[in-house]
Amino acid sequence: MKTLLQVNSSLFGENGQSTRLSEQFVAAWQQAHPQGRVISRSLAASPVPHLDGARFGAFLSKPEDRTPEQQQVVDFSDSLIEELRAADVIVLGVPLYNFGVPSQLKAWFDHVARAGVTFRYTENGPVGLLGNKKVYVFATRGGLYAGTPKDTASAWLRDILGFIGLTDVEIVYAEGLSLGEDSQKASLARAQDEVRQLVEPLRAAA
């Protein structure tokens with residue numbers, strides 16, 4: 001049975017444009033995989049705590065030395081990582097806030113990127129321990145940034161995903177959403193068409 005993990009990071013929850021695009025893809029994926037399982041996580045409805053010294057200290061502590069509070073932190077992180085491990089396909093809804101990904105999504109990555117668990121250091125550099133998973137990113141922006149030096153968010157996403165071993169990444173952009181109604185409608189239509197094109201091979205293979 002195929003499993004899809006959907007992580008939406010829009011502050012507007014189900015009303016966010018990135019959420020709506022990811023929902024469109026997930027609905028089509030479910031049609032192609034009627035027996036498939038979807039794990040859905042909204043970082044607006046259920047925020048992941050931002051990393052601080054105490055939480056990072058829990059990750060560094062030896063299991064036998066952890067306090068009950070530290071163990072709770074590690075257990076929470078482990079549950080997020082287990083969702084990633086269980087997934088064959090990962091879908092991320094990612095708006096652009098002030099030239100970066102939402103801090104909620106950064107917090108999620110801070111809890112799933114753990115040395116010795118999802119990546120390890122070697123004499124040749126870090127090696128990701130999660131692989132053989134397809135990642136679809138649905139990126140929405142008010143302005144036009146894709147392919148320009150200002151689009152640091154796309155590079156960061158590819159870097160952090162690759163860091164934990166997820167290198168098969170496809171990004172669908174809906175940009176210019178704040179540049180007037182015509183721009184918004186045209187951009188969303190193009191993105192929705194891309195979603196349909198992505199789903200067609202999945203339906204054919206089902």
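Cβ separations smaller than 6 Å between residues 6+ apart or across chains give the following pairs from the stretch 107-136 residues that are closer than 30 Å to P201 by Cα to residues that are assigned to a strand (DSSP E or B) and among the aromatic types (F, W, Y): G128/F119; L129/F119. Restricting attention to the stretch 106-127 and to residues that are surrounded by 15 or more Cβ atoms within 10 Å (Cβ to Cβ) and of a type in the set (G, A, S), the residue that is nearest to L177 (Cα to Cα) turns out to be A107. Take the conditions (1) in contact with a Gly (Cβ under 8 Å, 6 or more places away or on another chain); (2) surrounded by fewer than 19 Cβ atoms within 10 Å (Cβ to Cβ); S46 misses just one of them, which is (1). Go through A189, A155, A146, A115 for me and flag whichever is of a type in the set (G, A, S), over 23 Å from E83 (Cα atoms) and touching a Phe, Trp or Tyr at 6+ places or on another chain (Cβ under 7 Å). Sole residue among the options that is of a type in the set (G, A, S), over 23 Å from E83 (Cα atoms) and touching a Phe, Trp or Tyr at 6+ places or on another chain (Cβ under 7 Å): A146.
Summed over the stretch 85-105, residues that are assigned to a helix (DSSP H, G or I) and either surrounded by 18 or more Cβ atoms within 10 Å (Cβ to Cβ) or free of Cβ contacts under 8 Å to residues at least 24 places away in the same chain (or both) total 2.
The test for being acidic (D, E) and either at pLDDT 95 or above or in contact with a Gly (Cβ under 6 Å, 6 or more places away or on another chain) (or both) does not hold for E123. Beta carbons closer than 6 Å, at least 6 apart along the sequence or on distinct chains, pair a first residue in the stretch 1-22 that is closer than 18 Å to V195 by Cβ with a second that is of a type in the set (K, R) for V7/R41. Filtered by the rule that a residue be among the polar types (S, T, N, Q) and in a loop (DSSP other than H, G, I, E, B), the stretch 9-23 gives S9, S10.
For the residues G176, G143, the requirement of being out of contact with any Asp or Glu (no Cβ under 9 Å at 6 or more places or on another chain) and farther than 27 Å from G57 by Cβ singles out G176.
Within the stretch 76-91, does at least one residue satisfy the condition of being farther than 22 Å from K134 by Cα and either at pLDDT 95 or above or of a type in the set (G, A, S) (or both)? Checking the stretch 76-91: at least one residue is farther than 22 Å from K134 by Cα and either at pLDDT 95 or above or of a type in the set (G, A, S) (or both). Can you pull out every residue in the stretch 155-206 that is part of a loop (DSSP other than H, G, I, E, B), surrounded by fewer than 13 Cβ atoms within 10 Å (Cβ to Cβ) and out of contact with any Gly (no Cβ under 8 Å at 6 or more places or on another chain)? Matches in the stretch 155-206: G180 only.
Only one of Y145, Y173, Y136, Y121 is more than 23 Å from P49 (Cα to Cα) and more than 20 Å from the chain's Cα centre (by Cα); which? Checking each option against the conditions leaves just Y121.
So that you can scan it fast, the table gives a plain yes or no per residue for (1) under 18 Å from the mean Cα position of the chain (by Cα); (2) of a type in the set (D, E, K, R); (3) in a strand (DSSP E or B):
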| site | (1), (2), (3) |
| --- | --- |
| L4 | yes, no, yes |
| V7 | yes, no, yes |
| F25 | yes, no, no |
| Q30 | no, no, no |
| V38 | yes, no, yes |
| P49 | yes, no, no |
| R55 | no, yes, no |
| E69 | no, yes, no |
| D75 | no, yes, no |
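For N132, the conditions (1) under 26 Å from L177 (Cα atoms); (2) part of a loop (DSSP other than H, G, I, E, B); (3) not aliphatic (A, V, I, L, M) are fulfilled apart from (1).
The values are calculated or read from the model by the stated rules, or taken from the named source; none is laboratory data. None of the values given here were measured: they were computed from a predicted structure. All Cβ positions, glycine included, derive from the backbone under ideal geometry; neighbour counts span all protein chains shown.
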